[in-house]
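Taken together, the values in this text are just the output of simple stated rules run on the coordinates, not laboratory data. The model shown is predicted, which means the values in this text are computed figures rather than measured ones. Cβ sites come from the backbone with ideal geometry, for glycine too, and all protein chains shown count toward neighbours.
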Amino acid sequence: MPISHKRSKLKKILITTSSFGKHDSKVLSDIEKQGFEYVKNPFARKLTENEVIELIQEHKPVGIIAGVEPLTRKVFELSKCVKVISRCGIGMDSVDLNAAREHDISVVNTPDAPTIPVAELTLGLILALLRKIHISDAAIRRKDWVRPTGNLLYGKTAGIIGCGRIGSYVAKLLHCCGCKIIGYDPFVKKKDGIRLVDLEELLSNSDIVSLHMPYSDECKHFINARRLQVMKEGGILINAARGGLVDESALYDALVSGHLSAAALDCFEQEPYTGRLKTLENVLLTAHIGSYAREGRILMERQAVENLFSEFDKMGAAI
């Protein structure tokens, strides 16, 4: 990261993403080398809207390195000091972009860094479900010797919903495993290695449906009760994209009825997750760890810092 000039030590950067710098403290020293102080998330978890506001009002940062906490219109209205928000991640659904624009706050993200970590987690979830790895592991821990018969990934049809960076990389991995790949993305006309189809065809023909789309209010419960019933009987659903894309209650019903054979979720409408899906053996749940691979996390944090100071340099004396 180029260091163009020193800035006043009075200027602060608020780091709201909870694990920032855990694997590579150099990103923190880079902030200091630029002449800034940094303030880390004191709660070591996702912040609430009020906690974000309180931290901003206490420390008056000019920039925020953000996680997935709610950066709402209310936050921006009470945060006149903030000039730049640098999302440490790809999703922007936690940021009210219209309100940020109205308050002249620049918002940037790190779209490339999470691609491989999320795609590899997706592949891992698929393999674990098909071979029932989590079921055998849990049984051994109960002192039972359970040898469930699973299924091969080879020869399966995988439906990718959202054919951007992550979805496309998942398709490449699955293609190498001998899968037939189909995809749905209303914003993509052509994608190498993926045969694009309409949503109904994808749902009804896919042994595996994997979500890789952004979240917005318009696509809340994109996978709802009706679309779950359209899915191929015995299919599996993977959501390593965003909580809220799946109607979790409807998914529970589809799994209990046997219409779907299994599901894996890495993200939920409310986190930490405490719902009924925890009671089902054919569900694999992870704690929103899609980008939590050490190498990917380091790259994402470095890019977040670089993006922050790149925006500052564009603003010049305004910072």
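Across the chain, Cα-Cα distances exceeding 33 Å account for 32% of all pairs. Dividing the C-alpha radius of gyration of the range 115-285 by 2.2 N^0.38 Å, with N its residue count, gives 0.99. Ranked by how many other Cβ atoms sit within 10 Å of their own Cβ, fewest first, the residues 97, 153, 125, 203 fall in the order 97, 153, 203, 125.
Contact order for the range 115-285, expressed relative to its length and based on alpha carbon pairs under 8 Å spaced 6+ residues apart, stands at 20 percent. Once backbone amide H atoms are built at 1.01 Å from N, residue 38 has 13 as its partners under 5 Å, excluding neighbours fewer than 5 places away on the same chain. Between the helical axis of 165-176 and the longest alpha-carbon principal axis of the chain there is an angle of about 40 degrees.
For the range 123-216, the set of chymotrypsin sites (Phe, Trp or Tyr not before Pro) satisfying both a DSSP loop assignment and a count of at most 12 other C-beta atoms within 10 Å is given as 145, 154, 187.
Computed over the range 60-193, the convex hull of the alpha-carbon atoms projects to a mean area of 11.8 nm².
Legend: distances between Cα atoms for 40/189; 26/132; 40/132; 172/232; 22/314; 40/191; pairs beyond 31 Å are 40/189; 26/132; 40/132; 40/191. Working from label points 7 Å from Cα in the Cα-to-Cβ sense, the residue 287 to residue 127 distance is 2.4 nm. Projecting the Cα atoms of 260, 170, 246 onto the dipole axis of the range 115-285, where Lys and Arg carry +1 and Asp and Glu carry -1 at the beta carbon, places 170 farthest toward the positive end.
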